[in-house]
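This report concerns only the one structure given below.
Bear in mind these aren't lab numbers, they're just calculated from the coordinates by the rules spelled out. Source: prediction; values computed, not measured. Here the Cβ is made from the backbone with ideal geometry for all residues, glycine too, and neighbour counts use every protein chain on show.
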Amino acid sequence: MTDWVDEQLGRLTLEQQVGQLLVPYVTGASVDTAAPENRERFGVDTPAEVIRSLQPGGVIYFAWSHNVDHPERTAALSAGLQQASLDDHGPGLGLMIATDQENGIVVRLREPVTQFPGAMALGATGDPELSRASYRVTGRELRAVGINADYAPDGDVNINPANPVIGVRSFGSDPARVADHVVASIRGLQDDAGISASVKHFPGHGDTAVDSHHDLPVITHDHETWRRVDAPPFRAAIAAGVDLIMSAHLSCPVFDPSGDPATLSRPVITGLIREELGFGGVITTDALDMQGVRTRYPDGEIAVRAIEAGIDQLLDPPQPVVARDALVQAVREGRLSEQRIAESVRRILALKLRRGYALGPDPDRPEVTVIGSEDHRGTADRIACSAITIVRDDSVLIPLAEGSLLVTGFGETAVPGLAGALREGRTGPVQELITGAEPDDALIKEAVGRATAVDRVVLITSSAWRDERQQALAAAVAAANPRLVVVSARDPYDLPVLPSDVALVTGYSAIPATLAAVAAVLAGHRSAPGHLPVDL
């Protein structure tokens, strides 16, 4: 492997080596789709032309860039991008094609791709083998459409209930539990499905009340707390052979008093990941279009500082050509050495060779027909059923007694989805009323009126702990009909803001498999075996 990597490195120009560090997105459902955004960002029109002109090391797929509209089209796009990178006009190296398919609330590929509950649901099952099964299926379906890297699992230990960006993306608040599920997830993606996993967000995003998409969070953990709380999942991931580690855009004053985000911090990236934890694989940034990393420096400077810190891959730079040119200029001016660039390129090439797409198509890519198979959907259903958790039911309202029922609250799809599932599992009329995430006074009044006319009410919430309108709805409906069961479609952290006499059940998501499992519990057809993986 070393000889091959050195041989490939030796034939790449400086610009091509720098290109290997870039993982931008391209806009288009096909390799030849012209899009104004490509022209604006890259100076060319189609995804294929982007690959041939920028010669990046990889691309990231998003739904809003029209890369994942349908499995067959995504597979064709992947094949076309690989061909563009491998042909005479490209660098002659395969692309890392990546996406964020964490499952739960963070997914890029939706139906017919099998939809799974997310990390906190898996943590609630108490069974790491279910995490492995979930990511085995996810990895196989991603690989079937030509995706060879998943920015998952989430290794954050969510100890802050007010965390606006992680929450149910975490396996829980216990470092050992999170570590076990992280390792199992890596096994599912890498060992079973054959695609790269990326544990994130280093050095740990679980104790923040600020969303790094919008601002720069500050983590105040001292070194001992970090080693005890945040580090165990990352240590376990490294021991399990994880291919990539993703940095977080947050400030850690105990490690770097400069205030720079971890992504740009040599004490964090090199000092902790390389030297303290001994990781020899590829380190990628989180998306560089996030405000958490853009609060101090312009985009070209961010790219240079990330490489200086020890980063290998620049994910989703908002101005990819600016990032490339800034890195080339930094080398030519002596700020970055050619050796430093080569170190990262060697790691990237070694990963591509190990995963089998360095010089040609993936020889073991599953057929697209595996996507959404009966077996895969059965696995999702089994996991959803294993995760359902009754958080509180002091009045023993679950299972619901027969009679008329109102299903109301959050979700254009959640309310009708749960109401439909309940109609199949019980007798008696089931009404439904969608009130949304921020119900106004008129909707609350309508919900109260309907609640007084039925025997029981099921209210769906989504992060009501940070939404006063959902809290007002819950209080009003509970006063009108105390036979109220709240279904949290996201966080179990809704418990403290709900009236004390209502029941609360959660499946940690609102995907169809979870709604069906919740309905089965409410109707008395199934037990709720899940246990809270976080402290309330």
Classify the chain as rounded, prolate or oblate from the Cα gyration tensor: take a ≥ b ≥ c as the square roots of its eigenvalues, call it rounded if a/c is under 1.5, otherwise prolate when a/b beats b/c and oblate if not. prolate
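Rounding to the nearest 20 debye, state how big the charge dipole of the stretch 335-381 is about its Cα centre with +1 on each Lys and Arg Cβ and -1 on each Asp and Glu Cβ.
560 debye
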For the stretch 384-402, list residues with backbone N below 14 Å from a point placed 7 Å from the Cα of Thr427 toward its Cβ? 401-402
Once the Cα atoms of helix 338-355 and of the chain are each reduced to a long axis, what angle between those two axes, in degrees from 0 to 90 to the nearest 10, is obtained? 60 degrees
Could you pull out every residue, at least 5 positions away or on a different chain, whose amide H is within less than 5 Å of the one on Val218? Hs are placed 1.01 Å off N in the peptide plane, and Pro or chain starts have none. Ser251
Taking the highest mean first, how do the peptides 230-238, 364-372 order by number of other beta carbon atoms within 10 angstrom per residue? 230-238, 364-372
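Which length gain, in nm to one decimal place, applies between Glu15 and Ala239 when the Cα-Cα distance is subtracted from 0.36 nm times their residue separation? If you can, show how the numbers build up before the last one.
Values: separation 224, 0.36 × 224 = 80.64 nm, distance 3.39 nm.
Fully extending the segment from Glu15 to Ala239 adds 77.3 nm.
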Note the angle between two axes, namely the Cα long axis of helix 374-387 and the longest principal axis of the Cα atoms of the chain, as a number of degrees from 0 to 90, rounded to the nearest 10. 60 degrees
Quick one: angle between helix 468-480 and the longest Cα principal axis of the chain, in degrees between 0 and 90, rounded to 10, please. 20 degrees
Label-point separation (nm) for Thr413 and Arg227, each offset 7 Å from Cα along Cα-to-Cβ? 4.6 nm
Looks like the stretch 220-295, by Cα gyration tensor root eigenvalues a ≥ b ≥ c and the a/c under 1.5 rounded cutoff (else prolate when a/b is bigger than b/c, oblate otherwise), is oblate
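Would you please classify the overall shape of the stretch 418-526 from the alpha carbon gyration tensor, given that a ≥ b ≥ c denote the square roots of the eigenvalues, rounded means a/c under 1.5, and beyond that prolate means a/b larger than b/c while oblate covers the rest?
oblate
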Just the number, please: percent antiparallel of the DSSP beta bridges in the chain, rounded to the nearest 5. 10 percent
Tell me what the chain gives for mean residue ellipticity at 222 nm when only DSSP H runs of n ≥ 4 count, each as -39,500 (n - 2.57), the sum divided by the residue total, rounded to 500 deg cm²/dmol. -11000 deg cm²/dmol
